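Worksheet: the structure to be examined is printed underneath.
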Amino acid sequence: MSVPFALNGVHHVAYRCRDAKATADWYAKMLGMEFTTAFAEDHVPSTGAYDPYMHIFLDAGGGNILAFFELPNQPEMGRDPNTPQWVQHIALAVPDMDALLAAKAHLEANDVEVLGPTHHGIFKSIYFFDPNGHRIELACDIGTDEQMAELRRVAPLMLDEWNQTKRAPRHAAWLHEMAADANAG
């Protein structure tokens, strides 16, 4: 499928936060993310609605920006009660397993509860929550070029089968078996 334009990456991904300053401070201390930009308005530029906000931007590395909105006039933020906590998350990359383990140690030393590392076959990751209740994943890739090519090859087949059956296709079962073997050993 062709479109008449080209994307140039993700500009930023935005989430809500309870306290913009506390959020910026936490991400700097826990993940080393630099607070780079802030926008504050009384009216939403896209709609014109009165809704004062603080919009902060944090550098996640590699040209990626994670942003947050503090909305003091809105009802207290919550989460979708029909979506499990493990589904909605922010996944950030680290370069290797040493960095992943160093991040885990750093977070735990700062009283952040960390789950993992979890082996996903082609990457390993840890999970934890930020002070706003957003689940964060740090992941390091461990997959080979061949494994990635095979996953790319079977992706449309898996999606088509899922669309018809709503059951997990087995095209990439080797991935989960490999992770299970690694977790067992």
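If you add up the charges near I122, with Lys and Arg at +1 and Asp and Glu at -1, over every other residue whose beta carbon is less than 12 angstrom from its beta carbon, what do you get?
Values: positive: K124, R152; negative: D141, D145, E146, E150.
Cβ neighbours under 12 Å give a net charge of -2.
Just from its helices, what would the mean residue ellipticity at 222 nm be for the chain, if runs of 4 or more DSSP H residues each count -39500 (n - 2.57) and the sum is divided by every residue, rounded to the nearest 500 deg cm²/dmol? Mind dumping the intermediate values first?
Values: 4 runs with 58 residues, N = 185.
Result for the chain, helices only: -10000 deg cm²/dmol.
Lys and Arg at +1, Asp and Glu at -1: add these up for the other residues within a Cβ distance under 14 Å of N73 and post the number.
Charge balance near N73 sits at -3.
Quick one: angle between helix 97-109 and the longest Cα principal axis of the chain, in degrees between 0 and 90, rounded to 10, please.
Taking Cα atoms only, the helix is inclined about 50 degrees.
Using only the Cα atoms of region 13-141, build the gyration tensor, take square roots of its eigenvalues as a ≥ b ≥ c, and label the shape rounded, prolate or oblate: rounded if a/c is under 1.5, else prolate if a/b is larger than b/c, else oblate.
prolate
Putting +1 on Lys and Arg Cβ atoms and -1 on Asp and Glu Cβ atoms, find which of L157, Q147, L92 reaches farthest to the positive end of the dipole of the chain.
L157
If you look for lysine pairs in the chain that are eight or more places apart or on different chains, how many of them have Cα atoms under 23 Å apart?
Values: K21/K29; K29/K104; K29/K124; K104/K124.
Counting lysine pairs in the chain gives 4.
Mind jotting down the distance between the C-alpha centroids of region 77-135 and region 33-67, whole Å?
23 Å
Using alpha-carbon pairs under 8 Å, 6+ residues apart, how would you state the relative contact order of the chain in percent? Kindly include the intermediate steps, with their values, before the conclusion.
Working: 258 pairs, mean separation 30.2, N = 185.
For the chain, the relative contact order is 16 percent.
Which GluC sites (Glu not before Pro) in region 111-185 pass both tests, a DSSP loop state and at most 16 other beta-carbon atoms within 10 Å?
Details: sites: E113, E137, E146, E150, E161, E177; in loops: E113.
Taking region 111-185 and a limit of 16 other Cβ atoms within 10 Å, the loop GluC sites (Glu not before Pro) found are E113.
Helix 173-184 versus the longest principal axis of the chain: what is the Cα-based angle in degrees, 0 to 90, to the nearest 10?
80 degrees
Using the 10 angstrom Cβ neighbour count as an exposure proxy, how do S2, S125, S46 rank, fewest first?
Details: S2 3, S125 22, S46 6.
Ordered by Cβ neighbours within 10 Å, fewest first: S2, S46, S125.
Considering the options G48, F35, G121, tell which one lies farthest towards the positive end of the dipole of the chain, charges being +1 on Lys and Arg and -1 on Asp and Glu at the Cβ, about the Cα centre.
G121
Counting Lys and Arg as +1 and Asp and Glu as -1, each charge on the Cβ, what is the dipole of region 40-180 about the Cα centre in debye, to the nearest 20? Working shown, then result.
On the way: 9 positive and 21 negative charges, 128 e Å.
The dipole magnitude comes to about 620 debye.
Values quoted throughout were computed directly from the atomic coordinates according to the rules given, and no laboratory measurement underlies them. What you see is a predicted model; the values in this text were computed from it and never measured. Every residue, glycine among them, receives a Cβ derived from its backbone with ideal geometry; neighbour counts consider all protein chains shown.
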